[in-house]
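*Asks:* Before I ask anything, here is the structure I am working with.
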Number of protein chains: 2
Amino acid sequence: MKYVAVLGYGTVGSGVVYVIDHNNSIVSANSGDEMQVKYILDLRDFPGDPNESKVVHDVDVIMNDPEVSIVCETMGGVGAAYKFTKAALEKGKSVCTSNKELVAKHGAELMKIARDNGCSYLFEASVGGGIPVIRTLTTALTAERITQIAGILNGTTNFILSKMEKESAGFDETLKTAQELGYAEQDPTADIEGHDTARKISILADIMSGHFVDSDKVDTTGITAVSADDMANALSSGYTIKLLGIATRGDDDSISTMVAPFLVRKDHPLAGVSDVFNAIFVTGNMLDETMYYGKGAGKLATASAVVADVIDAARKGSSCMYKGWDETPVRESSSSVKFRYMVRCKKGSAEDIASSCGAEALDGNASFITGKMSGSEFDALCEKYGDAVLSGIRIYE
Amino acid sequence: MKYVAVLGYGTVGSGVVYVIDHNNSIVSANSGDEMQVKYILDLRDFPGDPNESKVVHDVDVIMNDPEVSIVCETMGGVGAAYKFTKAALEKGKSVCTSNKELVAKHGAELMKIARDNGCSYLFEASVGGGIPVIRTLTTALTAERITQIAGILNGTTNFILSKMEKESAGFDETLKTAQELGYAEQDPTADIEGHDTARKISILADIMSGHFVDSDKVDTTGITAVSADDMANALSSGYTIKLLGIATRGDDDSISTMVAPFLVRKDHPLAGVSDVFNAIFVTGNMLDETMYYGKGAGKLATASAVVADVIDAARKGSSCMYKGWDETPVRESSSSVKFRYMVRCKKGSAEDIASSCGAEALDGNASFITGKMSGSEFDALCEKYGDAVLSGIRIYE
């Protein structure tokens, strides 16, 4: 028998308990041993819950029980979650988590502690929910020099952009609908400003580079400035707009990371990723293009990914440890990656501004596409032409 | 140092040598040891080839060299490839292959021999080329009850169907173009009649069920009967046509497999998989929908998947063995899975035929959509109405 403890009985935590229970014969067969949840740590009580008797309030009950060999941390945050994860790993208990904030911040340290104590720190669910992208990058694409990872990594913003696309609606009203439908939080800042995507792309960049990528340093722009006119303009030129997290490897093996709204051609596989779905597009020097698609969030999809880690930990102990990264900061690219921009201008002014860039105005003399330029080159253009430039969105290609 | 031998210096075999050479620092780092190709077995000589000196004509040179711990079988077929694979595994050498025919036919036996001899038989490249679907099914979706796998698994037929969609062209002329461009073989039977897809979906069904699925028993229809009118009809109703291999698990855990052209809604992720790309859509009871997309064939993508297996074998010996299947035949579903059909009829006759099915004719009285029916129920309908039924294509949903 293998005993698991779940820290935090919220959405993901209760999902983990449900998956281990509901798919128990599959989970146990793949673990090589019967799997059972022994404790659930939560500050609250859950009277009437079928797992009421497993709820404990004192983490030491779990830490001091040698029967518990695997801990699922589904609390979130970097406070108690960090402390408890460290304590469990130091006791030789493997920890499986969906906590992207903690992985992005302390992943390297926690993996080292796990390695030193003969257990594993696993976090498949921290990026892309149910999409097994971390396992794919660390165990399947091992013969590749990965040159770029571009992902739709946040369900809330993708839901909003998909709805703006379908209904020609503006950002503010769509956000309101998303909140009413429960697809956006009451304080949606972390999603709509791109911080959530920044954490996830920094974890993927950690894996890609083998070094620490600080999520606070990712060049991040959210979707609050994307207007109904931007979307209409994109669609009329054969594009849609997606919030992408992109990590790019330079020829010198430096890494550049950014989060921003991008125009994506309608026939590109990422363009078809709608609503709350996520997808990660990985380019390698041999494989060329691959994409991994699925539910980026949600109770059961995320829980399924946590339990896949639990199964790996049960079966292989410390040898299932992902190829991780160390605490050395990654070498960042000295210049930002250049993209073409679709620039929207005051009607009648596109021709002038375009010609200053050696480009040509599109229909209606209200927009044009630049050559490849960096973010600061684009900022200089905006400064030069002031109010005449209404918006500029990079083109992913 | 880890030494590899490559059996067969054709497209995939030479790709394997190229990937190990070109990405050597990555391949070696991930293997935990320097990796080198020591022998290439081929009947031919390759004067002037940079690897000329590694070419041997006698397989015993490889079998009897204890330094060779991993063999890549990239010969194809079930004759010499089967014999050499068996011999290598019996000597304790792991074998990595792209040979779908051999895996479909003798996979269970070869995995057993590998297990008995402390080595691995690995075949990521046998399905979906560079898409790591076998590793995903066996190591990532381990907490799932997988209910259905539906794949675009053949690049030739997907190229033809994509071109028919874009150019409103007929099957025969498009096949000819595909042959001229090198996307279809001079004898295209195995591709266009669906046999290649049948082999691949049977391997995925092997993994899904844990038992042997005979590819010769997969209910297989190719794309030769798909006409320009069928495609036009599909597109006008919001669908495209894709050749899908589908394995479905029944509530009683029996498995049903089929290969056939299907109507796929234009907003479904599989609809956007164009040209020679492949994609596998996997449905699980917790994850819901996930999809894996990439190059299904081609020298370097396929070779990259073979080398990922080589790396696993080098790093983990026999413990990287996929969770495979045994030689017991799978329990097949007693009744075939039911689908709705889009039926195209002689102009003016759709109303009559539709009403006999309790359905309604679509615009122009030349087509209608049935309720869910089995293949034999549809055949009975065709028999009843004779020439008035021009075609019927299942709807994937």
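The values are calculated or read from the model by the stated rules, or taken from the named source; none is laboratory data. Values in this document were obtained by computation on a predicted structure and should not be read as measured data. Every residue, glycine among them, receives a Cβ derived from its backbone with ideal geometry; neighbour counts consider all protein chains shown.
*Asks:* From B:SER274, B:SER202, B:SER256, which residue is assigned to a loop (DSSP other than H, G, I, E, B) and either within 14 Å of chain A (Cβ to nearest Cβ) or within 23 Å of B:THR147 (Cβ to Cβ) (or both)?
*Replies:* After ruling out the rest, the residue left standing is B:SER274.
*Asks:* Now for a separate question. Which residue pairs have Cβ atoms under 9 Å apart, sit 6 or more places apart or on different chains, and have a first residue in region A:251-270 that is not assigned by TED's automatic domain parsing to the domain that holds A:ALA225 and a second that is assigned to a strand (DSSP E or B) and not acidic (Asp, Glu)?
*Replies:* As it stands, the answer is none, since no pair meets every condition given.
*Asks:* For region A:283-305, name all the residues that are of a type in the set (Val, Ile, Thr), buried (at least 24 other Cβ atoms within 10 Å of the Cβ) and either free of Cβ contacts under 8 Å to residues at least 12 places away in the same chain or more than 7 Å from chain B (Cβ to nearest Cβ) (or both).
*Replies:* A:THR302
*Asks:* State which residue is nearest to B:PHE378 (Cα to Cα) when the search covers only region B:313-343 and only residues that are aromatic (Phe, Trp, Tyr) and touching a helix residue (DSSP H, G or I) at 6+ places or on another chain (Cβ under 7 Å).
*Replies:* B:TYR341
*Asks:* Quick one: count up the residues across region A:136-173 that are of a type in the set (Val, Ile, Thr) and closer than 29 Å to A:ASP230 by Cα.
*Replies:* Adding up the residues that qualify gives 5.
*Asks:* Additional query: Report, ordered by the first and then the second residue, all pairs with beta carbons closer than 8 Å, sequence separation of six or more or different chains, a first member in region B:218-238 that is on the phi > 0 side of the Ramachandran plot, and a second member that is buried (at least 19 other Cβ atoms within 10 Å of the Cβ).
*Replies:* No pair meets every condition.
*Asks:* Only one of (1) within 11 Å of chain A (Cβ to nearest Cβ); (2) touching a strand residue (DSSP E or B) at 6+ places or on another chain (Cβ under 8 Å) is not met by B:GLY32, so which one is it?
*Replies:* Of everything listed in (1) within 11 Å of chain A (Cβ to nearest Cβ); (2) touching a strand residue (DSSP E or B) at 6+ places or on another chain (Cβ under 8 Å), B:GLY32 misses just condition (2).
*Asks:* Just one of B:THR157, B:THR197 is buried (at least 24 other Cβ atoms within 10 Å of the Cβ), modelled with pLDDT of 95 or more and out of contact with any helix residue (DSSP H, G or I) (no Cβ under 6 Å at 6 or more places or on another chain); which is it?
*Replies:* Of B:THR157, B:THR197, the one residue that is buried (at least 24 other Cβ atoms within 10 Å of the Cβ), modelled with pLDDT of 95 or more and out of contact with any helix residue (DSSP H, G or I) (no Cβ under 6 Å at 6 or more places or on another chain) is B:THR197.
*Asks:* Could we say that A:LYS93 is crowded, with 24+ Cβ neighbours inside 10 Å, in contact (Cβ under 8 Å) with a residue 12 or more places away in the chain, under 20 Å from A:VAL16 (Cα atoms) and more than 14 Å from chain B (Cβ to nearest Cβ) here?
*Replies:* yes
*Asks:* Right, another one. Determine whether B:THR174 is crowded, with 18+ Cβ neighbours inside 10 Å and either part of a helix (DSSP H, G or I) or of a type outside the set (Ser, Thr, Tyr) (or both).
*Replies:* Yes.
*Asks:* Can you go through A:SER209, A:SER202, A:SER168 and tell me which one is over 17 Å from A:GLY296 (Cα atoms) and surrounded by 19 or more Cβ atoms within 10 Å (Cβ to Cβ)?
*Replies:* It is A:SER209.
*Asks:* Next up: Would you mind listing the helices (runs of 4 or more DSSP H) fully within region A:1-78 where at least 3 residues are surrounded by fewer than 22 Cβ atoms within 10 Å (Cβ to Cβ), in contact (Cβ under 8 Å) with a residue 60 or more places away in the chain and not acidic (Asp, Glu)?
*Replies:* Counting at least 3 such residues, we get A:11-22.
*Asks:* Still on this structure, I have one more. Output yes when any residue across region B:135-144 is farther than 19 Å from B:CYS320 by Cβ and within 14 Å of another protein chain (Cβ to nearest Cβ), and no when none is.
*Replies:* yes
*Asks:* Let me ask something else about it. Of the numbered conditions (1) under 24 Å from A:GLU173 (Cα atoms); (2) within 14 Å of chain B (Cβ to nearest Cβ); (3) modelled with pLDDT of 95 or more; (4) in contact with a Gly (Cβ under 8 Å, 6 or more places away or on another chain), A:ARG265 satisfies every one except a single condition; which is it?
*Replies:* Failed condition: (1).
*Asks:* For region B:348-368, what are the residues that are of a type in the set (A, V, I, L, M) and either in contact (Cβ under 8 Å) with a residue 60 or more places away in the chain or surrounded by 19 or more Cβ atoms within 10 Å (Cβ to Cβ) (or both)?
*Replies:* B:ALA350, B:ILE353, B:ALA354, B:ALA361, B:LEU362, B:ALA366
*Asks:* Something else: Among the candidates B:ILE241, B:ILE311, B:ILE280, B:ILE246, single out the residue that is within 7 Å of chain A (Cβ to nearest Cβ) and not in a loop (DSSP other than H, G, I, E, B).
*Replies:* Checking each option against the conditions leaves just B:ILE311.
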